[in-house]
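> There's a structure below that I have some questions on.
Where a number appears in this text, it was derived from the coordinates with a stated rule and is not lab data. Keep in mind that what you see is a predicted model, and the values were worked out from it rather than measured. Heads up, the Cβs are rebuilt from the backbone with ideal geometry, glycines too, and the neighbour counts pull from every protein chain shown.
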Ligand SMILES: NC(=O)c1ccc[n+]([C@@H]2O[C@H](COP(=O)([O-])OP(=O)(O)OC[C@H]3O[C@@H](n4cnc5c(N)ncnc54)[C@H](O)[C@@H]3O)[C@@H](O)[C@H]2O)c1
């Protein structure tokens, strides 16, 4: 069974391809490489022994997107990762985000409709909950004001798929990721931000290895146990496996609705300072960090109730924070060693 993965050259897409292949699926990828290279796909090939075809196509271009679907009429589903994801960048340039993340989704939906693709899985985010007033958030928690244009593209993306699903045959799942971190245990793939990272964990590992001089913790006066933001960090391979399980669930027609939503988090809130401590413990490296001002677009605290994904999808988040940090660090060290040996 063949699956079309958009954004397959990116962080979560590449790890998901590994899990899909390990579970017997064939995969083709579409990625414009606006935020990636094909390096992670090379790693995927080393891990799985399978060559992955990537179409270098901007999904905002309908004609090119259509051509990919035309060539792959036999796919059983689309997993749509491709999007821009940097919160501060979206605050600075909202139109860039609205265009890239939403025009691409409209084109995906047009092609899914035209080619009668039965299943769609969409990368959503816990950012759809805004500054949630009750924690942990459940799938039925209200979606409050989006804190950034990026988050708004996820709220709008979800709504577009929900409206589409009401009048079309496609079965959809919206997966709300909390904070994916870590890397495949092989050290062959991991998070590979182009330029300066925006997410905490690559910032930590790049600082520890000396690529970046210092980490700034954005905000230390929030109403949390140590003043820093609280997030629900989740290992990327656990996130990856949820996509395989979501697709299998749809293929087995176990879904209760045309469009279902699942939280993907561990259920544990970890502060930024606790994450730093966990990193220092597993790596033995003292991190150079400072406490800085709050950053626009950040929510204060968020963590998941993941009961629905456990019960319906049979999914478990099996990796703890220290192993998340350990695999992220192994990946950063492997990247450095590869550069040194070239
Ligand atoms: N990483 C996180 O912390 C996180 C959290 C919640 C949700 N998400 C969502 O998960 C998805 C994957 O995130 P990721 O961390 O793997 O990001 P990533 O940047 O590593 O991967 C996204 C990929 O999509 C590609 N892309 C972007 N726009 C495209 C377009 N118009 N056409 C074709 N390709 C395009 C990029 O080149 C990149 O390779 C995104 O939708 C993101 O918003 C990520």
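> Take every Cα pair under 8 Å in region 253-342 that's 6+ residues apart, average their separations, divide by the length, and report that relative contact order as a whole percent.
After rounding, I find 41 percent.
> Relative to the compact-globule scaling 2.2 N^0.38 Å, provide the ratio for the alpha-carbon radius of gyration of region 244-342.
The value comes to 1.47.
> In the Gaussian network model of the chain, springs joining C-alpha atoms below 10 Å, which of 328, 132, 67 carries the largest mean-square fluctuation?
It is 67.
> How long is the chain along each principal axis, judged by its Cα atoms, biggest number first, in Å?
So the three principal-axis extents are 53, 50, 38 Å.
> For the chain, what is the relative contact order in percent, using Cα pairs closer than 8 Å and at least 6 residues apart in sequence?
20
> Please compute the alpha carbon radius of gyration of region 88-175, then divide it by the globular-protein estimate 2.2 N^0.38 Å. Two decimals is fine.
Here the Cα radius of gyration is 1.15 times the empirical estimate.
> Based on other C-beta atoms within 10 Å, arrange 311, 158, 139 from fewest to most.
Ordered from fewest to most neighbouring Cβ atoms within 10 Å, 311, 158, 139 come out as 311, 139, 158.
> I would also like to ask the following. Beyond 13 Å, what percent of the Cα pairs of region 184-225 remain?
Of all Cα-Cα pairs in region 184-225, 62 percent lie more than 13 Å apart.
> Hey, what angle do you get for helix 149-166 against the long axis of the chain, alpha-carbon based, 0 to 90 degrees rounded to 10?
Between helix and principal axis, roughly 30 degrees.
> Something else now. Which value, to two decimals, describes the C-alpha radius of gyration of region 5-152 once divided by 2.2 N^0.38 Å?
Relative to the 2.2 N^0.38 Å estimate, region 5-152 comes out at 1.10.
> Where the convex hull is taken over the Cα atoms of region 1-76, what is its projected area averaged over directions, in nm²?
4.6
> Using the 10 angstrom Cβ neighbour count as an exposure proxy, how do 230, 108 rank, fewest first?
Listing 230, 108 from fewest to most nearby Cβ atoms yields 230, 108.
> So what's Rg/Rh here for region 139-217, counting alpha carbon atoms and using the Kirkwood radius for Rh?
Computed over Cα atoms, the ratio is 1.10.
> Still on this structure: Please list log₁₀ I(q)/I(0) at q = 0.26, 0.27, 0.31, 0.33 Å⁻¹ for region 81-129, using the Debye equation with identical point scatterers on the alpha-carbon positions.
For region 81-129 at q = 0.26, 0.27, 0.31, 0.33 Å⁻¹, log10 I(q)/I(0) is -1.04, -1.08, -1.21, -1.26.
> For the chain, what proportion of DSSP beta bridges, expressed in % and rounded to the nearest 5, is antiparallel?
If I count the DSSP bridges inside the chain, around 5 percent turn out antiparallel.
> Still on this structure, I have one more. So how many Å³ per residue does the convex hull of the Cα atoms of region 79-232 work out to?
In region 79-232, the Cα convex hull volume per residue is 155 Å³.
> By how many nm would the segment from residue 63 to residue 133 lengthen if fully extended, with 0.36 nm per residue of separation less the alpha-carbon distance?
Gain on stretching residue 63 to residue 133: 20.9 nm.
> Cut-off is 10 Å between beta-carbons; in what order do 325, 156 appear when sorted fewest neighbours first?
Fewest-to-most Cβ neighbours within 10 Å comes out as 156, 325.
> Ok, one more. What is the helix-to-structure angle for 321-341, meaning the angle in degrees between its Cα long axis and the longest Cα principal axis of the chain, kept from 0 to 90 and rounded to the nearest 10?
The angle comes out near 90 degrees.
> Another question about this same structure. When only C-alpha pairs under 8 Å and at least 6 residues apart count, what is the relative contact order of region 146-303, in percent?
35
> On to the next question. For the chain, with a Gaussian network of springs between Cα atoms less than 10 Å apart, report the residue from 73, 152, 35 with the top mean-square fluctuation.
Largest GNM mean-square fluctuation: 73.
> Report, in degrees rounded to the nearest 10, the 0 to 90 angle that the Cα long axis of helix 11-22 makes with the longest principal axis of the chain.
Once rounded, the angle reads 60 degrees.
> Mind putting together the pair-distance distribution for region 184-321? All Cα pairs, 5 Å bins, whole percent per bin, short to long.
2, 9, 16, 18, 18, 15, 10, 7, 4, 2, 0
> For region 281-320, what is the convex hull (Cα atoms) projected area averaged across all directions, in square nanometres?
The directionally averaged projection comes out at 5.3 nm².
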